[in-house]
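K.L.:
Submitted below is the structure of interest, expressed as structure tokens.
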Amino acid sequence: MELHVVEYRAHTNLEPQSPVLEIRTCQRTLKISARPLEITGAPRRRFSGADAYEFLLRFASGLESEIKGETDVFGQVKTSFRDFSATYPEIASELNPVFQTLFEDTKEIRAQYLQGIGGNTYGALARRVLDPQPASRVLLLGAGQIAKSVAPYFADSLLKVFNRSPERLMELKVSLHQKGYAGVAILAADTDLSVEIAWAEIILLATPVGSPLDAKVLRHRSPGTRVLHLGGRSEDLNLPGNEPDLFTLSDLFALEKEQSSLREKKIAQAMEACRQRARLRSLARSIHIHHGWEDLAYFN
């Protein structure tokens, strides 16, 4: 088996093809397979073998993200592979050894180099941008992976959450309860959102770009309400200009760049660790064969 990865820009319209693992984030779409992939559209990059594993390791560790070292993408990788395995178990079985090794390596690299470097989650950055207070009225629209990451950072305020999918909403509710946030209000599917939008002082849009919620929020928000769209950058969204209370991922990315030299050093070390780990995993013909750390002498 040889690992293959093709990367596309976010929001690229791709022709459907035979079942293949896809991981979609706000920045990119990945197609991953144990066999050569049919190339459609205009990919940004293509990888195979050890290079593919190294890229996936950087990706899962948050090193390919605009927010270097962010943790949300690792959850997206695990969720995507879990869902793919449930739908296509036979195809996923070919990739399973690689992904189990990937999860193990990602945890090790994050623990050794990326913990505590600051500002490495969307939630932490969103909190800094929006500055919620205990009495702030916060409305979170969406219940996907980013919403799960962001919600705890606003759960000490008066937080309400809405999502069309009751299953995802329940997952988010359980996740918050497990973290000790039992007071978050979960809005019913038939809620009059115009009323809730007008109520809110802070609105978090954790929904895809172009959702009908974009226009609804702009139409019904109260003057001075701060809105953060977590679905894309400023150029991805059709937002009015000169709006000081409208924020996007571009604002989070700009804030994230204000990092210390120590953070940059840690990220460089993590990148090198990904390179060495990928080469270590490929010493045998199969990318997922384990080796002892004494094999690191191979790289010296």
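K.L.:
Would you kindly calculate the translational diffusion coefficient of region 1-100, applying Stokes-Einstein with the Kirkwood radius from alpha carbon pairs, for 37 °C and a viscosity of 0.692 mPa s, and quote it in µm² s⁻¹ without decimals?
P.N.:
For the chosen part, D equals 240 µm²/s.
K.L.:
Work out the charge dipole of the chain with +1 on the Cβ of Lys and Arg and -1 on the Cβ of Asp and Glu about the Cα centre, then indicate which of V138, L56, A273 is farthest towards its positive end.
P.N.:
A273
K.L.:
Which value, in debye to the nearest 20, describes the size of the charge dipole of region 1-139 about its Cα centre when Lys and Arg Cβ atoms bear +1, Asp and Glu Cβ atoms bear -1, and nothing else is charged?
P.N.:
I would put it at about 520 debye.
K.L.:
Now, a different point. Spin-label point model (7 Å from Cα, Cβ direction): what's the E167 to Q112 distance in nm?
P.N.:
With each label point 7 Å from Cα toward Cβ, the separation is 3.8 nm.
K.L.:
Grab the beta carbon distance between E66 and Y181, set R0 = 25 Å, and tell me the FRET efficiency rounded to 0.05.
P.N.:
Result of the calculation: an efficiency of 0.35.
K.L.:
What's the exposure ranking of E70, E90, going from fewest to most Cβ atoms within 10 Å?
P.N.:
E90, E70
K.L.:
Among all the aspartates and glutamates, which ones have a C-alpha under 18 Å from K265's C-alpha, if same-chain residues fewer than 8 places away are not counted?
P.N.:
Once the sequence-local aspartates and glutamates are set aside, what remains near K265 is E64, E66, E70, E108, E256.
K.L.:
With only Lys, Arg, Asp and Glu charged, each at its Cβ (+1 for the first two, -1 for the last two), find how big the charge dipole of the chain is about the Cα centre; round to the nearest 20 debye.
P.N.:
So the dipole magnitude of the chain works out to roughly 240 debye.
K.L.:
Still on this structure: To test your reading of the geometry: what angle, between 0 and 90 degrees and rounded to tens, separates the Cα axis of helix 261-281 from the longest principal axis of the chain?
P.N.:
40
K.L.:
Another question, then. Mind sorting H229, H4 by how few other Cβ atoms lie within 10 Å of their own Cβ, fewest first?
P.N.:
In order of increasing Cβ crowding within 10 Å: H4, H229.
K.L.:
Could I get the Rg over Rh figure for the chain? Both from C-alpha atoms, Rh via Kirkwood, rounded to two places.
P.N.:
0.99
K.L.:
Run the numbers on the chain and let me know its relative contact order in percent, using alpha-carbon pairs under 8 Å that are six or more apart.
P.N.:
17
K.L.:
Here's something else I'd like to know. Calculate the FRET efficiency for S48 and E235 from the Cβ-Cβ distance with a Förster distance of 30 Å, rounded to the nearest 0.05.
P.N.:
With R0 = 30 Å, the Cβ-Cβ based efficiency is 0.40.
K.L.:
Suppose every Lys and Arg Cβ carries +1 and every Asp and Glu Cβ carries -1, with no other charges. What dipole size does region 115-243 come out with about its Cα centre, to the nearest 20 debye?
P.N.:
Charge dipole, region 115-243, about its Cα centre: 180 debye, nearest 20.
K.L.:
How much mean residue ellipticity at 222 nm does the chain get from its helices, if each DSSP H run of length 4 or more adds -39500 (n - 2.57) and you divide by all residues, to the nearest 500 deg cm²/dmol?
P.N.:
-12500 deg cm²/dmol
K.L.:
Still on this model: With every atom except the alpha carbons ignored, what do you get for Rg and Dmax of region 122-256, in angstroms?
P.N.:
Final numbers for Rg and Dmax: 13.6, 40 Å.
Bear in mind that the values in this text are calculations on the coordinates, not laboratory data. Everything numeric in this text was worked out from a predicted model, so none of it was measured. Neighbour counts run over all protein chains shown; Cβ positions are idealised from the backbone, glycine included.
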